[in-house]
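The values are calculated or read from the model by the stated rules, or taken from the named source; none is laboratory data. Note that the structure is predicted; figures quoted are calculated from it, not measured. Glycine gets a Cβ as well: all are built from the backbone with ideal geometry, and neighbour counts include every protein chain shown. SASA here: full protein model, heavy atoms, side chains in, ligands and nucleic acids out. Shrake-Rupley method; radii C 1.70, N 1.55, O 1.52, S 1.80 Å.
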Amino acid sequence: MVYDTFAETASQLTGQYIALSRAASTEEESEEWWQKVMTLRDTQHAVPARDRAQLIAHIRIWRAELEALKAARG
């Protein structure tokens, strides 16, 4: 169950980053958002599926990032 939440949160954040990359007004801004997608993907792959503490820590970080992005969008 924790892993499913981890994967879903990563998926939601990835979607936000991709949308921001596509909506960027410059190539540089687009690339910055795309690098966040890649970093998130790498992090997701690096966390062991059975490491509950790491999974929960990343869920918290990613949920906070999602909330910050939503707040910034208004």
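For this structure, a couple of remarks:
- Quarter of the Cα convex hull surface for the chain, i.e. its orientation-mean projected area (nm²): 4.8 nm²
- Of 60, 50, 22, the one that fluctuates the most in a GNM where the chain has Cα springs shorter than 10 Å: 50
- Label-point separation, residue 27 to residue 8 (7 Å along Cα→Cβ), nm: 4.0 nm
- Taking a span of 20 Å or more along the helix axis (Cα atoms) and a mean Kyte-Doolittle hydropathy of at least -0.5 as the rule, the DSSP H helices of the chain that qualify are 2-23, 52-73.
- Simple Cβ-charge dipole of the chain, Lys/Arg +1 and Asp/Glu -1, about Cα centre, in debye nearest 20: 360 debye
- For the chain, the solvent-accessible area with a 1.4 angstrom probe is 68 square angstrom per residue.
- Accessible surface of the chain, 1.4 Å probe: 51 percent of it comes from carbon and sulfur atoms.
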